[in-house]
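Encoded as structure tokens, the structure appears first; notes follow it.
The values are calculated or read from the model by the stated rules, or taken from the named source; none is laboratory data. On a predicted model such as this, the values are computed, not experimentally measured, just so you know. Methodologically, a virtual Cβ is constructed for each residue, glycine included, from the backbone with ideal geometry; neighbour enumeration extends over all protein chains shown. Each accessible area value is taken on the protein alone, full model and side chains, heavy atoms only, with ligands, DNA and RNA left out. Shrake-Rupley method; radii C 1.70, N 1.55, O 1.52, S 1.80 Å.
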Amino acid sequence: MTSNRELRKEREAKGVCTTCGGVLDTDGKTCMACRKKQREEYRKRREWYASLGICPYCGKEKLYGEERECIECRRKKYEKVRKRRESMTAEKREEERKRRREYERELYQRAKKENICPRCGKRKPENGKISCGICLARNRDRARELYREANDTVSRDDRIAYRLCYICGKQLGGNQDWKVCGRCRERCIENLPSGNQSGADHPWRRGNALLFDS
């Protein structure tokens with residue numbers, strides 16, 4: 001009785017699909033129909049593992065929180081990609097970047113057409129926006145972190161504790177108890193609305209007691 005391995009070798013030698021023995025209509029060893037069937041079976045198996053809270057790639061490790069794959073699978077994937085990139089020439093890397101950018105552009109346009117957030121591909125976008133509220137919030141938080149790292153600054157919520165101007169972040173001088181520096185204080189006073197109400201009585205002034213009150 002011929003084993004599956006021997007049967008595949010015979011089919012490969014004949015130039016036919018090694019899975020079904022049919023016409024090989026693409027590069028590789030399996031035909032398009034068998035590839036499509038294998039991908040569908042693999043997708044269903046991954047969804048089943050994920051529904052149980054198990055890594056869908058190795059089928060062994062438990063997932064925590066919003067993880068989609070376990071740490072070991074992420075490490076293996078990273079090492080595989082790193083080795084592949086190191087073995088590629090500069091021209092090949094540039095071709096792959098162009099192909100990746102084109103693929104991401106197609107996904108972006110498809111998501112916009114289907115009225116889905118192009119970042120996560122799951123939720124509806126906010127009114128008047130392209131991305132959903134969750135992705136917008138994540139993007140804002142990430143932008144703030146990058147800005148603080150690049151400028152080595154303290155977050156606005158912690159400026160008062162570090163004796164920094166609440167507006168510009170510069171060091172407060174002297175023994176003054178203001179929450180803003182003299183320059184920012186003057187600017188705020190200059191920008192107070194002019195009208196029947198004086199600057200001291202205006203609601204905008206009263207609402208910013210944190211900045212002005214000593």
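The label point for Cys58 and the one for Ile189, both projected 7 Å from the Cα toward the Cβ, are 6.5 nm apart. Under 5 Å between amide hydrogens, built in the peptide plane, is the criterion, and for Ile54 it picks out Leu63 among residues at least 5 positions away or on other chains. Note on Leu146 and Glu12: with the Förster distance fixed at 45 Å, the Cβ-Cβ geometry gives a FRET efficiency of about 0.30. Spin-label pair Arg97-Tyr162: with each label point 7 Å from Cα along the Cα-Cβ axis, the two points sit 3.4 nm from one another. With 32 Å as the limit on Cα-Cα distance, the pairs of Lys124/Lys170; Lys29/Lys124; Lys44/Lys83 that go past it are Lys124/Lys170; Lys29/Lys124.
If you plug the beta carbon distance of Ile71 and Arg5 into 1/(1 + (r/R0)^6) with R0 = 30 Å, you get a FRET efficiency near 0.35.
For the range 1-141, taking Cα atoms only, Rg and Dmax work out to 20.5, 66 Å respectively. Couplings 3J(HN,Hα) for the range 178-186, derived from phi with the Karplus relation 6.51 cos²θ - 1.76 cosθ + 1.60 (θ = phi - 60°), are 5, 8, 10, 6, x, 5, 5, 5, 5 Hz, where x marks Gly and Pro. Solvent-accessible surface of the range 94-184, taken per residue with a 1.4 Å probe and all protein chains present: 79 Å².
With a cut-off of 14 Å between beta carbons, the residues surrounding Glu102 carry a summed charge of +2, where Lys and Arg count +1 and Asp and Glu -1.
Amide H contacts of Ser131: Glu126, each under 5 Å away and 5 or more positions distant or on a separate chain (H built 1.01 Å from N in the peptide plane; Pro and chain starts excluded).
The chymotrypsin sites (Phe, Trp or Tyr not before Pro) of the range 48-137 meeting both criteria, a DSSP state outside H, G, I, E and B (loop) and at most 16 other C-beta atoms within 10 angstrom of the site's C-beta, are Tyr64. Any idea what log10 I(q)/I(0) is at q = 0.16 Å⁻¹ for the range 37-98, Debye with uniform C-alpha scatterers and no solvent? One equal scatterer on each Cα of the range 37-98 leads to -0.67.
Element breakdown for the range 1-133 at a 1.4 angstrom probe: carbon and sulfur atoms account for 49% of the accessible area. How large is the convex hull of the C-alpha atoms of the range 1-73 per residue, in Å³? Expressed per residue, the convex hull around the Cα atoms of the range 1-73 is 131 Å³.
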